[in-house]
Each structure stands twice: as C-alpha cells, then as structure tokens.
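These notes concern the structure reproduced below.
All of the numbers you see were taken from the coordinates with simple rules; none came from a lab. Since the model is a prediction, treat every value here as computed from it, not as a measurement. With ideal geometry, Cβ positions are generated from the backbone for all residues, glycine too; neighbour counts draw on all protein chains shown.
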Amino acid sequence: MKRRTFVSGAAVLAAAGFVPPAFAATIKPYSWDLTPPTDTRDNFIAWGTARGEDPVFLGQRWDRFQALLRNKDIWSAATIRAFLLTPREEFASVNPAIYKRAYEHNFLDIGYGVTMSGPHLQGRMTNVIDVKRGEKVLEIGTGSGVQAAYIANLTENTYTIEIIAPLAARTRALYDKLIDKGYTEYKHIKTKAADGYYGWEEAGPFDKIIVTCGIDHVPPPLLQQLKAGGLMVIPVGPPGAQRVLKVSKTQGADGSITTSREDIYGGKIVPFVPFTKLDGDKIAGTHNR
Ligand SMILES: C[S@@+](CC[C@H](N)C(=O)[O-])C[C@H]1O[C@@H](n2cnc3c(N)ncnc32)[C@H](O)[C@@H]1O
C-alpha cells in the first residue's frame with residue numbers, strides 16, 4: 001500500500017494517544033556508513049548521544065545487546081549493527097504504559113490485542129535469515145513496526161503486511177514521523193494492510209520471509225513466493241505452542257524444489273499471537289487447518 005493512502009500521520013498518532021518522546025527532535029540522518037561502536041558502553045552512548053539519541057535509552061539498548069550476545073541470540077556484525085541503530089523505545093511509544101519498558105526481555109502489549117515481540121526472539125529470528133544488502137525481505141505481522149525497522153538496516157527492500165488495518169495505519173504514521181526525525185532508513189520499508197497469508201505477490205519473489213504470528217502449517221503462497229535458495233523463519237504449531245522454524249527452499253540441478261526445516265530453538269515452545277484470517281474486511285478466526 002502506498003504511504004499516501006492513509007490519513008495524516010499526526011492525526012492517527014493523536015487519536016491513538018501518542019505521547020511524544022521528550023528528547024531530541026531530530027537526529028543525524030541514516031547512512032549505510034553509520035557504525036556504532038561495540039567496544040564499550042560509554043563509547044556507544046557517547047556516539048549515539050552525538051547522533052541525537054537519548055543517553056538513558058542508549059544505555060538500555062547497550063545492556064540488552066550484551067544480554068543478546070550472552071544468550072547467543074545475535075551474532076553477525078550486520079544484525080548487531082541493526083540492533084544498535086534501532087530505537088525500540090520509539091516503537092513502544094505508541095503505548096505510554098510500555099514506553100519505558102522497550103528494552104525488557106518480554107513481549108509488550110501494543111494494543112489491538114497484539115504484542116511487540118521481545119528483543120531476544122527478534123534478534124534470533126533476524127539473525128537466522130541472514131539478510132544481505134539488496135535482498136528482498138517480506139515480513140508478515142508488522143505490529144509495532146520494530147521488526148521491519150531492524151531489517152531496514154540490513155536491506156533497502158523491506159516489505160511488511162499487517163492484518164489489523166488501524167494498527168497498520170498507526171505504524172505507517174510512526175515510520176513517517178521517524179523518517180522526518182532522521183531515521184531515514186525507514187524509507188526502505190513498504191507497508192500494506194492485508195491478510196499476509198497470501199503474501200505480496202506483485203512485490204515477490206523474496207529472498208527472505210519472516211513471519212511473526214503463529215500458524216499450524218507453512219502457508220503455501222509464502223513458500224511459493226520464496227526464491228529458490230531463500231530462507232523463511234516462521235512459528236509453526238498449535239495455538240499458543242509454536243516452534244520457530246527456519247525453512248530453507250532449494251532447487252536441484254534437475255529443477256526440482258525441496259524444502260528443509262530446522263528448529264531455531266532446538267524444540268523449545270515459543271507462543272505467538274495467532275495468524276488470523278480476513279473474511280471480507282473483518283478478521284474472523286485463523287488460518288489453522
Ligand atoms: C507478535 S505480533 C507483532 C510482531 C511485530 N513484528 C512486532 O515486533 O511488533 C504479530 C502481528 O501479526 C499480525 N497478524 C496476525 N495475522 C496476520 C495476517 N494474516 N496477516 C498479517 N498480519 C497478521 C498481528 O495483528 C500482529 O500485529
């Protein structure tokens with residue numbers, strides 16, 4: 001969906017009770033050369049503060065980054081950079097009750113009955129698909145917008161779909177506000193309000209797909225829109241008891257397509273919000289079989 005199809009971003013945010021952050025109005029705009037220091041907490045905070053970010057949240061971001069490293073939820077230099085450049089607090093700011101809790105381990109309530117996934121899960125899912133610059137990535141389940149924000153630091157071709165239309169509009173408005181503020185990497189994100197079960201055919205095929213809602217099977221349209229050689233990460237299983245799978249699609253010399261699956265948590269159950277279904281313009285039930 002094109003950005004201009006939504007009502008004014010400020011109006012949507014005001015209607016959602018948005019509380020503007022109290023810190024710098026603008027930051028140094030994004031560039032692919034931005035390289036946050038990873039040697040010490042003090043150096044990282046000094047660097048981020050010079051860019052125009054809030055030192056308190058920068059400290060929390062650093063501390064969560066250290067926990068992600070210890071837990072082996074993040075490991076590549078590109079994903080580390082994406083984590084360190086992403087202001088989770090801005091994506092939590094849509095709900096004043098969770099605004100200051102953006103760097104906690106847990107998922108957080110963002111309204112509309114859905115959640116912003118926790119940073120450990122997002123770190124691992126992002127790192128597993130190993131996005132390279134230039135690749136096309138599709139996310140199903142925009143939610144708060146923070147997952148696609150990480151991916152926008154990895155490639156300029158990020159597509160994200162959200163089924164709850166007012167939430168899709170609220171997050172689109174937030175991206176627009178953040179772009180104005182200097183987070184120009186969010187220009188890399190194309191958004192759409194739709195049922196993500198069917199993917200985004202006209203934008204595909206995709207090198208990588210990341211699904212952030214739980215379902216009991218891999219949607220055939222998503223597998224079909226994944227390139228041969230591509231990777232998908234998706235929570236699969238019964239309601240509230242999914243396992244997070246990395247699905248690899250490969251093409252043999254004879255042209256035959258095969259897929260393989262690997263559990264990125266070695267069997268641990270990770271509950272996700274349901275992969276719901278649109279019936280006309282209403283959400284009705286789920287896509288579970
Ligand atoms: C765990 S939540 C949000 C995750 C999000 N990536 C984040 O970090 O904030 C999953 C999201 O998937 C959305 N969702 C559920 N079913 C969907 C569908 N069929 N198509 C698109 N989005 C869907 C939910 O509305 C919810 O916003």
Worksheet item: Angle between the Cα long axis of helix 119-129 and the longest principal axis of the chain, 0 to 90 degrees, nearest 10?
Response: 50
Discussion item. How big is the dipole moment of the range 44-100 about its Cα centre under a simple scheme where the beta carbon of each Lys and Arg is +1, that of each Asp and Glu is -1, and everything else is neutral? Debye, nearest 20, please.
Written reply: 200
Worksheet item: Which order do peptides 208-221, 181-194, 275-288, 145-158 fall in by mean Cβ count within 10 Å, highest first?
Response: 145-158, 208-221, 181-194, 275-288
Worksheet item: Can you flag which of K100/K249; K181/K268; K100/K136; K72/K208; K181/K282; K192/K249 are past 29 Å Cα-Cα?
Response: K100/K249; K181/K268; K100/K136; K181/K282
Worksheet item: For the peptides 234-240, 200-206, what is the packing order when you average, over each peptide's residues, the other Cβ atoms within 10 Å and list the highest mean first?
Response: 234-240, 200-206
Worksheet item: Under the Karplus relation 6.51 cos²θ - 1.76 cosθ + 1.60, θ = phi - 60°, what is the ordered set of whole-Hz ³J(HN,Hα) values for the range 100-115, x standing for Gly and Pro?
Response: 7, 10, 4, 9, 5, 5, 7, 6, 10, 6, 10, x, 6, x, 10, 10
Discussion item. Can you compute the charge dipole magnitude of the range 124-214 about its Cα centre, using +1 on each Lys and Arg Cβ and -1 on each Asp and Glu Cβ, nothing else charged? Give it in debye, rounded to the nearest 20.
Written reply: 260
